[in-house]
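See structure below.
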Amino acid sequence: MALLASVFVGTSVDGFIARLDGTFDFLDAGGSEPHGYEEFMATVDALVIGRNTYEVVLAFGGWAYGNKPVFVLSTHPLAPAPAEAIVEHMSGDPADIVAQLTARGIQHIYVDGGITIQRFLRAGLIQRLIITRVPVLIGSGIPLFGALPHDILLKHVATRQYTGGLVQSEYTVGV
Ligand SMILES: NC(=O)c1ccc[n+]([C@@H]2O[C@H](COP(=O)([O-])OP(=O)(O)OC[C@H]3O[C@@H](n4cnc5c(N)ncnc54)[C@H](OP(=O)(O)O)[C@@H]3O)[C@@H](O)[C@H]2O)c1
């Protein structure tokens, strides 16, 4: 069965996933009310995250991903993971990464981190985007999206609104 790759991400209304210094305090502007993260995580076999996201998660203390396997992409050695974390270092072409994960029987990955999401999108390897817009403009920061060699058509699946002001849109890619 083909591997499904999903993105589940929070952004400012002006499209940033973090401030330039990597902090994302602004995501609380929607009151942090539940918006499907736990339910989404329950459907995921593994995460594929960029080194920058990994380092931010490490700095939280504790470990955010429970017993889900987390594949951290980097061309450098990784900082050590907490004892309870299941972390594996990978590097390379997104297509090769997806092929390796597929060969290991993984069916649904959660791709996270701005640069990582952009590389997978450019390679045509993301099938689903769930983007939660938080009611704030921050002016500058780390963008969710970047340059593309060509347009990527999206199909709108649903938009959900939450009382605290979060607006979540779900799309499938390229259909
Ligand atoms: N708002 C949200 O929901 C949300 C979600 C996730 C992250 N964030 C925030 O976003 C920021 C991180 O995003 P980011 O855009 O800076 O980067 P990122 O995608 O987390 O990390 C980028 C790094 O990952 C490595 N990488 C990516 N693809 C690779 C590949 N195919 N092969 C080898 N290495 C690869 C490279 O590391 P090397 O330089 O080591 O090679 C690259 O510099 C953090 O501040 C985080 O807190 C926010």
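The values are calculated or read from the model by the stated rules, or taken from the named source; none is laboratory data. These figures come from a predicted structure and were not determined experimentally. When we count neighbours, we look across all protein chains shown, and the Cβ atoms used for this are built from the backbone with ideal geometry, even at glycine. Calculation scope for accessible area: heavy atoms of the full protein, side chains included, ligands and nucleic acids excluded. Shrake-Rupley method; radii C 1.70, N 1.55, O 1.52, S 1.80 Å.
Tabulated results
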quantity	calculated
Label point distance in nm, Tyr162-Met90, each placed 7 Å from Cα along Cα→Cβ	2.8
Neighbourhood charge, 14 Å Cβ-Cβ cut-off, centred on Phe26 and excluding it, Lys, Arg +1 and Asp, Glu -1	-2
Surface share of carbon and sulfur [accessible, 1.4 angstrom probe, percent] for segment 1-134	56
Length gained when the stretch Phe145-Asp21 is fully extended (0.36 nm per residue, less Cα-Cα span)	42.9 nm
Lys, Arg +1 and Asp, Glu -1 on Cβ, resulting dipole of the chain about Cα centre, debye, nearest 20	360
Net charge contributed by nearby residues that have their C-beta within less than 13 Å of His76 (K/R +1, D/E -1)	0
Inter-part distance where segment 146-160 and segment 36-82 are each reduced to a Cα centre, Å	25
Histogram of C-alpha separations across the chain, 5 Å bin width, %	1, 8, 16, 21, 23, 18, 10, 3, 0
Loop GluC sites (Glu not before Pro), segment 1-87, which have at most 12 other Cβ atoms in a 10 Å radius of their Cβ (DSSP)	Glu84
Mean accessible surface per residue for the chain, computed with a 1.4 Å probe while every protein chain stays in place, in Å²	52
